[in-house]
Amino acid sequence: MQAKQLLGLSYFMLENYPKTSQLLSDVIVARPFNVGVYYTLALSLIKEGKKEESDQVIKQMVLLGGDSPQLHVVLGQAYNEQGETAKALEELQLAATLDSKFPMVHYYSGLVYLKGGKFDESTREFETELALNPGNVQAKYHLGFVLLAQQKTAAGVKIMREVIQTKPDFADAYYELGKALVQEGEIKDGVVSLEMAAKLQPDKSYVQYQLGRAYLAAGRKAEGENHLEISRQLKEKERQQTKP
């Protein structure tokens, strides 16, 4: 059961939430007193959009752990998924009050602020998370994302390069880096980054679109038009899939 728990946690770090939920649901049956497992399972179910199931896990967390940072982080995530930003921040601030160094509190707070377009606040939260947990690649990526959104290109590019160095298969980091480099006129390096993003995420229309534009900027007309057409086809496929 210990192996299944560790595997579930590994899947959570890889953002494979269905596998996480499947494994940890088995673990809590065998080990019903581990608040940490309930915490990860609840977050995973929230990410899957399984509100009723996550609510049941949260109730068990209350019974087991009472008023804890884990509980408030989970509630903050749940409120954020429901679009209740103020309540989400309130819960995350309660978690930080109970334990200012609790992992992911500042990261999740940063995501809530980012969702609301509050870049200065999100930057502060991501930087705080990284000061406490320098290995949080997601926090570093989102800090780079915010810096690029604020036109702080040099700092944002530097951070995206660091993210890629740490996690060479981070497709979104290649994508954001490539876009920024092309905008700065560094077409050749931008194309290389966007090619890697497309290799890692070939079915993303927005990646194919930016790669097509980069090829056109590099004077590679045929390749550019080809990828713009691929982007158009992928968008049409997405539109068909979202039809009621």
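The values are calculated or read from the model by the stated rules, or taken from the named source; none is laboratory data. Quick caveat, the model's predicted, so the values are computed rather than measured. Backbone-built Cβ (ideal geometry, glycine too); neighbour counts: all protein chains shown.
Are any of the residues in the stretch 55-66 modelled with pLDDT of 85 or more and either surrounded by fewer than 14 Cβ atoms within 10 Å (Cβ to Cβ) or outside the structural domain of Glu121 (by TED's automatic domain parsing) (or both)? Please lay out each step first, then the result.
Taking the stretch 55-66 as the starting set, the residues that turn out to be modelled with pLDDT of 85 or more are 56.
Among the residues that remain, those that are also either surrounded by fewer than 14 Cβ atoms within 10 Å (Cβ to Cβ) or outside the structural domain of Glu121 (by TED's automatic domain parsing) (or both) are: 56.
Scanning the stretch 55-66 turns up at least one residue that is modelled with pLDDT of 85 or more and either surrounded by fewer than 14 Cβ atoms within 10 Å (Cβ to Cβ) or outside the structural domain of Glu121 (by TED's automatic domain parsing) (or both).
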(message) Would you confirm, using the coordinates I've provided, whether Leu148 is at pLDDT 95 or above, of a type outside the set (Ser, Thr, Tyr) and surrounded by fewer than 22 Cβ atoms within 10 Å (Cβ to Cβ)?
(response) yes
(message) For the list (1) under 16 Å from the mean Cα position of the chain (by Cα); (2) modelled with pLDDT of 85 or more; (3) outside the structural domain of Ser10 (by TED's automatic domain parsing); (4) surrounded by 16 or more Cβ atoms within 10 Å (Cβ to Cβ), I need the number of the one condition that Ala95 fails.
(response) (1)
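Take Lys47 and decide whether it is assigned to a helix (DSSP H, G or I), among the charged types (D, E, K, R) and modelled with pLDDT under 85. Please lay out each step first, then the result.
Values: assigned to a helix (DSSP H, G or I): yes; among the charged types (D, E, K, R): yes; modelled with pLDDT under 85: yes.
Yes: the conditions hold for Lys47.
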(request) Please determine, by comparing only the residues of the stretch 185-244 that are basic (Lys, Arg), at pLDDT below 95 and assigned to a helix (DSSP H, G or I), which one is nearest to Arg161 (Cα to Cα). (result) Lys235
(message) Take the residues in the stretch 114-134 that are touching a helix residue (DSSP H, G or I) at 6+ places or on another chain (Cβ under 6 Å), in contact (Cβ under 8 Å) with a residue 24 or more places away in the chain and of a type outside the set (Gly, Ala, Ser); name whichever of them is surrounded by the fewest Cβ atoms within 10 Å (Cβ to Cβ).
(response) Phe119
(message) Return the pair list, or none, for Cβ contacts closer than 6 Å from residues in the stretch 40-54 that are in the same structural domain as Val74 (by TED's automatic domain parsing) to residues that are crowded, with 24+ Cβ neighbours inside 10 Å and part of a helix (DSSP H, G or I), at least 6 apart or on different chains.
(response) none
(request) For Val163, work out the one condition from (1) in the same structural domain as Asp120 (by TED's automatic domain parsing); (2) touching a Ser or Thr at 6+ places or on another chain (Cβ under 9 Å) it doesn't fulfil. (result) (2)
(message) Of all residues being among the aromatic types (Phe, Trp, Tyr) and within 21 Å of Gln138 (Cβ to Cβ) in the stretch 8-39, which is modelled with the highest pLDDT? Just the residue, please.
(response) Tyr17
(request) Check Ala154 against each of (1) within 19 Å of Phe12 (Cβ to Cβ); (2) at pLDDT 95 or above and name the one condition it does not meet. (result) (1)
(request) Look at Val157 and say whether it is over 17 Å from the mean Cα position of the chain (by Cα) and not assigned by TED's automatic domain parsing to the domain that holds Lys118. (result) no
